[in-house]
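S.K.: The following block contains the structure, expressed as structure tokens.
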Amino acid sequence: MDKFTLRSLADDDADWITRACQDDEIKRWTLVPRPYTRDHAIEFIVNHGNEYAVWVIEAFETSAPVGVISIHNISETSGVASIGYWIAPWFRRRGAACASLELVVAYSQTIVGVTACHANIAITNIASRKTVERAGFVELKNLDQTCPDGDDLVAAIVYARAIR
């Protein structure tokens, strides 16, 4: 299995993010704009998608960018950090998502007040459900959440990992 690291977004990430976001799987399971243009990538880099924190996932040995992971937000009342991620098609099934989830959970432990990390996964997204389970997340339940599955919204399963 490859090793991975996280780094901040950089101006020169626009081209590979644009290329990755043309992928049918990324478009199916995320809310990226359709069609996805380089201008969307630039705006994402500048504004971080209005997320709490965003990182590029890199292959450790080559520094090649392979995906993006973020903390969408942190609930002030529950202390839950909501996490989302995607992996570029050219680097799937090599452990990048699982490794980056572990890194974000470790980072979340340094944020005062955070008690757990959650990931809402479409009930139909079997690959992502297996990934979060490998990263130590456990299925809580469906809390009337939804996630995209193509042009449809489907029921989401909430996965959690306690950090304190």
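S.K.: Let a ≥ b ≥ c be the square roots of the eigenvalues of the Cα gyration tensor of region 103-145; is it rounded (a/c under 1.5), or, if not, prolate (a/b larger than b/c) or oblate?
M.R.: oblate
S.K.: If a paramagnetic tag sat 7 Å from the Cα of Ala64 along the Cα-Cβ line, which residues of region 7-32 would have the backbone N under 14 Å from that point?
M.R.: 16, 20
S.K.: Also: Carbon and sulfur: what percent of region 66-117's accessible surface (1.4 Å probe)?
M.R.: 55 percent
S.K.: Now a separate question. Taking the alpha-carbon distance from Lys141 and a cut-off under 14 Å, which aspartates and glutamates remain once sequence neighbours fewer than 8 residues away in the same chain are dropped?
M.R.: Glu133
S.K.: Now for a different question. Using the crude model of +1 on Lys and Arg Cβ and -1 on Asp and Glu Cβ, and no other charge, please compute the dipole size for region 1-51 relative to its Cα centre, in debye to 20.
M.R.: Here region 1-51 has a charge dipole of around 160 debye.
S.K.: Please get the size of the charge dipole for region 15-87, origin at its Cα centre, with Cβ charges of +1 on Lys and Arg and -1 on Asp and Glu, quoted in debye to the nearest 20.
M.R.: 200 debye
S.K.: What is the pair-distance distribution P(r) of region 1-82, computed from all Cα-Cα distances in 10 Å bins starting at 0, with each bin given as a whole percent?
M.R.: 17, 46, 31, 7, 0
S.K.: Taking a probe of 1.4 Å, how large is the accessible area per residue of region 115-157, in Å²?
M.R.: 55 Å²
S.K.: So for each of 85-91, 59-65 I average, over its residues, the number of other beta carbons within 10 Å; can you give me the resulting order with the highest mean first?
M.R.: So the order, starting with the most tightly packed, is 85-91, 59-65.
S.K.: If you don't mind, there's one more thing I want to ask. Using alpha carbon centroids, what distance separates region 80-104 and region 107-149, in Å?
M.R.: Computed from Cα coordinates, the inter-centre distance equals 11 Å.
S.K.: Please identify every one of the trypsin sites (Lys or Arg not before Pro) in region 1-75 that sits in a loop by DSSP and has no more than 14 other beta carbons within 10 Å of its own beta carbon.
M.R.: Passing both the DSSP loop test and the Cβ count: Lys3.
S.K.: Positive end of the dipole of region 1-78, charges at C-beta (+1 Lys, Arg; -1 Asp, Glu), about the Cα centre: which of Thr30, Ala41, Thr62 has its Cα farthest in that direction?
M.R.: So the residue we want is Thr30.
S.K.: Also, I was wondering about something else. Please compute the length gained on full extension between Ile42 and Asp11, using 0.36 nm multiplied by the number of residues separating them and subtracting their Cα-Cα distance.
M.R.: Fully extending the segment from Ile42 to Asp11 adds 10.4 nm.
S.K.: Calculate the dipole size of region 7-152 relative to its Cα centre from +1 charges on Lys and Arg beta carbons and -1 charges on Asp and Glu beta carbons; express the result in debye to the nearest 20.
M.R.: Approximately 440 debye in magnitude.
S.K.: Which ³J(HN,Hα) values in Hz, rounded to whole numbers, follow from the phi angles of region 8-18 under the Karplus curve 6.51 cos²θ - 1.76 cosθ + 1.60, where θ = phi - 60° and Gly and Pro get x?
M.R.: In residue order, the calculated couplings are 5, 5, 10, 4, 7, 7, 4, 5, 6, 5, 4 Hz.
S.K.: May I ask for the Rg/Rh ratio of region 75-152, computed from Cα atoms with Rh as the Kirkwood radius, given to two decimals?
M.R.: A ratio of 0.97.
S.K.: Provide, in order from the shortest bin, the percent of all Cα-Cα pairs of region 1-153 in each 5 Å bin, continuing until the bin that contains the maximum pair distance.
M.R.: Whole-percent P(r) values from 0 Å outward: 2, 9, 18, 23, 23, 16, 8, 1, 0.
S.K.: Another question, if that's okay. Taking the Cα centre of the chain as the origin and placing charges on Cβ (Lys, Arg +1; Asp, Glu -1), which of Leu153, His72, Ile163 is farthest toward the positive end of the dipole?
M.R.: About the Cα centre, the residue reaching furthest to the positive side is Ile163.
The values are calculated or read from the model by the stated rules, or taken from the named source; none is laboratory data. Note that the coordinates shown come from a computational prediction; the quantities given were computed from them, not determined experimentally. Positions of Cβ are backbone-derived with ideal geometry, glycine not excepted, and every protein chain shown enters the neighbour counts. Remember, those area values only see protein heavy atoms, side chains included, never the ligands or the DNA or RNA. Shrake-Rupley method; radii C 1.70, N 1.55, O 1.52, S 1.80 Å.
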